[in-house]
Amino acid sequence: MSPYQKPFPNNWWLKRMPYFLFIIRELTSVFVAGYCLFLLVLIYKLGQGPEAYGSLIKSLTSSTSIVLHVIALVFVLYHAITWFNLTPKILVIYKGQDRIPQWLVAGSVYVGWIVVSAVIAWLVVGT
Amino acid sequence: MAETMEIKIFRYRPEVEKEPMFQSYEVPFREDWVVLDAINYIKDEIDGTLSYRWSCRMGVCGSCGMMINDIPKLSCAVFLKEYYPKKICLEPLTGFPVERDLIFEMDDFLTKLEEIKPYIIRHEGEEKALEEGVYLQTPAELAHYKQYSMCINCMLCYAACPIYSIDSTFIGPAAIALSQRYNLDSRDQGRDSRQDIIGSHAGIWDCTFVGECSTVCPKDVDPAAAIQRAKVSSTIDWFKEVLIPWGKKK
């Protein structure tokens, strides 16, 4: 009399919302990696000279490019926010016998994100 | 007429049926009944052939874990009124071979638990003799691992982990959380002897941080956090080995 092994369905991630959101989080990595590649291409074109760089920048003004950027932005934001929210689980800091509250750890990451984003925005737009 | 509730239960009696089936039972609905009370009622009053594990009835022994409407829970900790008037479906914990009805095999978990050496290990020659007394510990040192010591081995975290269901070589949430419980204990010196298993692919690196193990944990052990913290420690080990080859490796 052998034990029964219940089969595990391939669509397990569609069965419950937390699993689905996990798969979405994993999927967003593709967009993060894709955008990193795009930035590398941007630098490569910059190295090729103003003409090559200029034509790439011009192609980015197309509606297809704008739609792709908006989609990438949504996924990258989801990726960043979900991982920032998970940071306190990984970064466990104690002060004596008291653990630093999780909201404080997550909050400091968000503050860092805002500061870095503001500096970059200032460099790009303000100067 | 008294209110009743339907409970559908996974049945597998290898000497009777080759394939499992579901059987429905009508039980009285009572506000103060937990799911385990209803199962006990079925066993005592309707069908004595039903098999399941239980013991303490108060969320301490960790025996009565099962899938309740597809979510791993302790049946002693969930009230019928949380589902009423909908019906309840009970199945054995996902990911484990089923022996009979709601009883699953836990051999794999117990083997893994033993492998991670869940006890205090001291370096040879550094153990205190009995007459020297106990190893002292400050409340701050206790706080570092106390959360992970609350595990009751109920295995709900394994049932919630899709990685374990897909790849049963994964050491799993509870075993890794317990290894952290000892690794973070100021009295323990056994991290190196656990690291071969914990730092392997079947250990922490199999985990993709789904996080459901922590959601279903009835004791707030947070095994997902334990695993991610172990990943950080292992990564620091690796950097030490690569960047400071002359330094202490672990």
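Yes or no: the range B:24-46 includes at least one residue that is under 24 Å from B:Glu212 (Cβ atoms), assigned to a loop (DSSP other than H, G, I, E, B) and not assigned by TED's automatic domain parsing to the domain that holds B:Pro162. Scanning the range B:24-46 turns up no residue that is under 24 Å from B:Glu212 (Cβ atoms), assigned to a loop (DSSP other than H, G, I, E, B) and not assigned by TED's automatic domain parsing to the domain that holds B:Pro162. Here A:Pro3, A:Pro9 are screened, and the one residue that is at the interface with another protein chain (Cβ under 10 Å from one of its Cβ atoms), in contact with a strand residue (DSSP E or B) (Cβ under 7 Å, 6 or more places away or on another chain) and not β-branched (Val, Ile, Thr) is A:Pro3.
Residue count for the range B:219-250 under the criterion of being in contact (Cβ under 8 Å) with a residue 12 or more places away in the chain and either assigned to a helix (DSSP H, G or I) or surrounded by fewer than 21 Cβ atoms within 10 Å (Cβ to Cβ) (or both): the result is 15.
Between B:Asp222, B:Asp196, B:Asp167, B:Asp188, which is within 11 Å of chain A (Cβ to nearest Cβ) and more than 23 Å from A:Lys6 (Cβ to Cβ)? Even if it seems obvious, please write down each step before you answer.
Working: B:Asp196 fails: within 11 Å of chain A (Cβ to nearest Cβ); B:Asp167 fails: more than 23 Å from A:Lys6 (Cβ to Cβ); B:Asp188 fails: within 11 Å of chain A (Cβ to nearest Cβ).
Sole residue among the options that is within 11 Å of chain A (Cβ to nearest Cβ) and more than 23 Å from A:Lys6 (Cβ to Cβ): B:Asp222.
Figure legend. Inter-residue proximity from the range A:86-110: first residues closer than 17 Å to B:Ser233 by Cβ and more than 9 Å from chain B (Cβ to nearest Cβ), second residues of a type in the set (A, V, I, L, M, F, W, C) and assigned to a helix (DSSP H, G or I), beta-carbon distance below 8 Å, spacing 6+ or different chains. Indicated pairs: A:Thr87/A:Val105; A:Thr87/A:Ala106; A:Thr87/A:Val109; A:Ile93/A:Val105. For the range A:66-73, the condition holds for no residue, the condition being that it is within 14 Å of chain B (Cβ to nearest Cβ) and farther than 30 Å from B:Leu184 by Cα.
Residues in the range B:192-206 that are of a type outside the set (Phe, Trp, Tyr) and either within 19 Å of B:Cys151 (Cα to Cα) or free of Cβ contacts under 8 Å to residues at least 40 places away in the same chain (or both): B:Arg194, B:Asp196, B:Ile198, B:Gly199, B:Ser200, B:His201, B:Ala202, B:Gly203, B:Ile204. Could you please let me know if A:Trp113 is surrounded by fewer than 12 Cβ atoms within 10 Å (Cβ to Cβ) and away from chain B (no Cβ under 14 Å)? Here the answer is no, as A:Trp113 does not meet what is asked. Could you tell me whether A:Lys45 is part of a helix (DSSP H, G or I), among the basic types (Lys, Arg) and touching a helix residue (DSSP H, G or I) at 6+ places or on another chain (Cβ under 7 Å)? When the stated conditions are applied, A:Lys45 passes them. Listed by position, the helices (runs of 4 or more DSSP H) enclosed by the range B:68-187 that each have at least 2 residues that are under 15 Å from the mean Cα position of the chain (by Cα) and touching a residue at least 12 places away in the same chain (Cβ under 8 Å) are B:107-115, B:156-160, B:162-166, B:173-183.
Taking the conditions exactly as written (in contact (Cβ under 8 Å) with a residue 40 or more places away in the chain, under 14 Å from the mean Cα position of the chain (by Cα), under 30 Å from B:Leu93 (Cα atoms) and within 14 Å of chain A (Cβ to nearest Cβ)), does B:Thr215 satisfy them or not? Can you show your working first?
Values: in contact (Cβ under 8 Å) with a residue 40 or more places away in the chain: yes; under 14 Å from the mean Cα position of the chain (by Cα): yes; under 30 Å from B:Leu93 (Cα atoms): yes; within 14 Å of chain A (Cβ to nearest Cβ): yes.
Criteria met by B:Thr215.
Candidates B:Ser193, B:Ser214, B:Ser200: the one that is part of a loop (DSSP other than H, G, I, E, B) and small (Gly, Ala, Ser) is B:Ser200.
Every listed requirement among (1) under 24 Å from the mean Cα position of the chain (by Cα); (2) surrounded by 11 or more Cβ atoms within 10 Å (Cβ to Cβ) is met by A:Ala33 save one, (2).
The values are calculated or read from the model by the stated rules, or taken from the named source; none is laboratory data. Values in this document were obtained by computation on a predicted structure and should not be read as measured data. Glycine gets a Cβ as well: all are built from the backbone with ideal geometry, and neighbour counts include every protein chain shown.
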